[in-house]
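Report on the following structure.
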Amino acid sequence: MRFLLVEDNMSLAAAVCDRLRMDGHVVDHAPGARDAEAFSATTDYDLILLDIMLPDGDGRNFLKAHRAREGKTPVIVLTARSEVSDRVGVLDLGADDYITKPFDFSELEARCRAVLRRQGGNSSNQQRFANLVFDPLAGTLVVAGTPVPLRNKELRLLEIFLSAPDRIYSKAKLVDRLFSYDEEVSENAIEVYVGRLRKRLAGSGAAIVTVRGLGYRMSLA
């Protein structure tokens, strides 16, 4: 998954980014409202973690603008305010959930999983395609009843393809989805990860097809 974290507390932001990246996610960090607007205007995110009190504005204004643009990306608000009226207020503005600071990282991860499940209309994290069962949040792949280990980038690449089977993804789009802005990587790296993932999918009935001049798509073998 690709996350946008909007948080001006640098130590908290570093801790959250480290935790999410350990789970294999891509995270962009915006320390203020202007940076958050710039990131969200140019990049598609799976989830936004939004602080309310920002040095250059109110996170609620960002949330309102995001929803006004018909932004469907789910938003979890990070707030130090514990009053019921404050929590109700951000939910009425379009937040999908909130978590009160200080929070435990395991609770944050659980809330992220719950919001993403709801966003996908699923009560389960599992995705099924051909003869494979994939759980992107647990990081597991089972092919024909046999568990298959995945490295982080392989896992996230499979997640992208299974989110929209038959959709063609260019190398540039896959770079955008797999790597954060502070990571320097060439499009040739995508060929390496696609090659590795193809080997993992052997016997699954699923195939990553090269569409000449356009990119790759997931299809039935």
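Values computed for the structure shown
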{"item": "Residue 71 vs. criteria at pLDDT below 90, closer than 30 Å to residue 37 by Cα, open to solvent by less than 70 Å² (accessible area, probe 1.4 Å) and out of contact with any strand residue (DSSP E or B) (no Cβ under 9 Å at 6 or more places or on another chain)", "result": "no"}
{"item": "Pair list, Cβ under 7 Å, 6 or more apart: region 98-109 residue more than 9 Å from residue 78 (Cα to Cα), other residue open to solvent by less than 50 Å² (accessible area, probe 1.4 Å) and among the hydrophobic types (A, V, I, L, M, F, W, C)", "result": "107/99; 108/99"}
{"item": "Yes/no for residue 3 being in contact with a His (Cβ under 6 Å, 6 or more places away or on another chain) and not β-branched (Val, Ile, Thr)", "result": "yes"}
{"item": "Some residue of region 62-71 being over 17 Å from the mean Cα position of the chain (by Cα) and in contact (Cβ under 8 Å) with a residue 40 or more places away in the chain", "result": "yes"}
{"item": "Verdict on residue 203 being closer than 19 Å to residue 143 by Cα and assigned to a loop (DSSP other than H, G, I, E, B)", "result": "yes"}
{"item": "Conditions (1) out of contact with any helix residue (DSSP H, G or I) (no Cβ under 9 Å at 6 or more places or on another chain); (2) under 25 Å from residue 160 (Cβ atoms); number of the one not met by residue 96", "result": "(1)"}
{"item": "Filtered residue count, region 1-60, keeping only those that are open to solvent by 20 Å² or more (accessible area, probe 1.4 Å), among the aliphatic types (A, V, I, L, M) and within 13 Å of the chain's Cα centre (by Cα)", "result": "1"}
{"item": "Residue that is least open to solvent (accessible area, probe 1.4 Å), among those in region 152-202 that are among the basic types (Lys, Arg) and closer than 30 Å to residue 14 by Cα", "result": "156"}
{"item": "Long-range neighbours under 7 Å by Cβ, at least six apart or interchain, first residue within 14 Å of residue 1 (Cβ to Cβ) within region 138-153, second in a loop (DSSP other than H, G, I, E, B)", "result": "138/125; 139/24; 139/150; 152/24"}
{"item": "Residue tally, condition more than 17 Å from residue 165 (Cα to Cα), part of a loop (DSSP other than H, G, I, E, B) and either among the charged types (D, E, K, R) or out of contact with any Cys (no Cβ under 9 Å at 6 or more places or on another chain) (or both), over region 126-140", "result": "2"}
{"item": "Matching residues in region 93-113 - criterion: being open to solvent by 40 Å² or more (accessible area, probe 1.4 Å) and not in a helix (DSSP H, G or I)", "result": "93, 96, 98, 100, 101, 102, 104"}
{"item": "Residue match in region 69-82 (condition: on the phi < 0 side of the Ramachandran plot and assigned to a helix (DSSP H, G or I))", "result": "no"}
{"item": "Per-region count, region 116-139, residues open to solvent by less than 70 Å² (accessible area, probe 1.4 Å) and at pLDDT 90 or above", "result": "5"}
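The values are calculated or read from the model by the stated rules, or taken from the named source; none is laboratory data. What you see is a predicted model; the values in this text were computed from it and never measured. Neighbour counts run over all protein chains shown; Cβ positions are idealised from the backbone, glycine included. Heavy atoms of the whole protein, side chains included, go into the accessibility calculation; ligands, DNA and RNA do not. Shrake-Rupley method; radii C 1.70, N 1.55, O 1.52, S 1.80 Å.
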